[in-house]
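In what follows, a single structure is set out as structure tokens and then discussed.
The values are calculated or read from the model by the stated rules, or taken from the named source; none is laboratory data. Just so you know, these numbers come straight off a predicted model, no measurement behind them. Here Cβ is always computed from backbone atoms with ideal geometry, including for glycine, and neighbour counts include all displayed protein chains.
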Amino acid sequence: MIDILPFSAKHLDNFKPRKINPPDILDMISESNSPRITIVDGEETLAVIGSTYLYDGVSEIWTVTAEDDLLLKNIKEYLRILRIAIPNYMERGNLRRLQITIPTSFPTAKRWGEALGFTCEGVLKNYGWDNKDYYMFARYS
């Protein structure tokens, strides 16, 4: 059963993030000061989600997901949870804008962002940790 839990470092013990993430992503998650939640399926971590406050009314959300086979097995439930959590997060945080960046090399990137109610605002050239291009998506209140 899929569940949302407050983040705990123990959620990283057996977590295998997708290879599109920086090599030190588990350390970055552990050391982050941002609010984080974990989406789990039983004992398996599907994703860790957090946000970075940019300024009043604006935050950027990030997500680190499990390897494709585990995530794809649970994709419909994962999307359902995010579709509920994102508007709730925006309302509780009094946000007028929530943004995400997604690698353009991720084949379903645009559909993913749009399925979550975000609008693609363009491409950020050489933006990521990997010096690759990323889509900038935003969702407005």
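Restricting attention to region 90-99, which residues are surrounded by 19 or more Cβ atoms within 10 Å (Cβ to Cβ) and at pLDDT below 95?
Across region 90-99, the qualifying residue is only M90.
Whether any residue in region 58-65 is farther than 26 Å from D24 by Cα, surrounded by 13 or more Cβ atoms within 10 Å (Cβ to Cβ) and of a type outside the set (A, V, I, L, M, F, W, C) is what I want to check.
No; the residues of region 58-65 include none that is farther than 26 Å from D24 by Cα, surrounded by 13 or more Cβ atoms within 10 Å (Cβ to Cβ) and of a type outside the set (A, V, I, L, M, F, W, C).
What single numbered condition from (1) at positive phi; (2) touching a Pro at 6+ places or on another chain (Cβ under 6 Å) fails to hold for V64?
For V64, the exception is condition (1).
Pick from L54, L46, L82: which is more than 19 Å from Y135 (Cβ to Cβ) and among the aliphatic types (A, V, I, L, M)? Let's see the steps before the verdict.
Details: L54 fails: more than 19 Å from Y135 (Cβ to Cβ); L82 fails: more than 19 Å from Y135 (Cβ to Cβ).
Just a single option satisfies the conditions, and that option is L46.
Pull out all pairs, ordered by first then second residue, where Cβ-Cβ is under 7 Å, the residues are six or more apart or on different chains, the first lies in region 37-55 and is free of Cβ contacts under 8 Å to residues at least 24 places away in the same chain and more than 16 Å from R80 (Cβ to Cβ), and the second is part of a strand (DSSP E or B) and among the β-branched types (V, I, T).
Pairs that qualify, where the first residue is free of Cβ contacts under 8 Å to residues at least 24 places away in the same chain and more than 16 Å from R80 (Cβ to Cβ) and the partner is part of a strand (DSSP E or B) and among the β-branched types (V, I, T): there are none.
Take region 80-125 and flag every residue that is polar (S, T, N, Q) and either in contact (Cβ under 8 Å) with a residue 40 or more places away in the chain or at positive phi (or both).
Selection gives N94, Q99, T101, S105.
For region 1-44, which residues satisfy the criterion of being touching a strand residue (DSSP E or B) at 6+ places or on another chain (Cβ under 6 Å), of a type outside the set (V, I, T) and in a helix (DSSP H, G or I)?
H11
Please list, ordered by first then second residue, the pairs with beta carbon atoms under 7 Å, 6 or more apart or interchain, first in region 126-141 and in contact (Cβ under 8 Å) with a residue 40 or more places away in the chain, second in a loop (DSSP other than H, G, I, E, B).
Every condition considered, the pairs that remain are W129/P22; A138/F118; R139/G117; R139/F118; Y140/R96; S141/L95; S141/R96.
Given the structure, is E77 farther than 24 Å from A138 by Cβ, touching a residue at least 60 places away in the same chain (Cβ under 8 Å) and surrounded by fewer than 16 Cβ atoms within 10 Å (Cβ to Cβ)?
Working: farther than 24 Å from A138 by Cβ: yes; touching a residue at least 60 places away in the same chain (Cβ under 8 Å): yes; surrounded by fewer than 16 Cβ atoms within 10 Å (Cβ to Cβ): yes.
Spelling it out, E77 is indeed farther than 24 Å from A138 by Cβ, touching a residue at least 60 places away in the same chain (Cβ under 8 Å) and surrounded by fewer than 16 Cβ atoms within 10 Å (Cβ to Cβ).
So I86 fits all but one of (1) among the aliphatic types (A, V, I, L, M); (2) under 20 Å from K16 (Cα atoms); (3) at pLDDT 90 or above; what number is the exception?
Condition (2) is where I86 drops out.
Which one of L95, L12, L26 is in contact with a helix residue (DSSP H, G or I) (Cβ under 9 Å, 6 or more places away or on another chain) and within 21 Å of Y135 (Cα to Cα)?
Selected residue: L95, the only one of L95, L12, L26 that is in contact with a helix residue (DSSP H, G or I) (Cβ under 9 Å, 6 or more places away or on another chain) and within 21 Å of Y135 (Cα to Cα).
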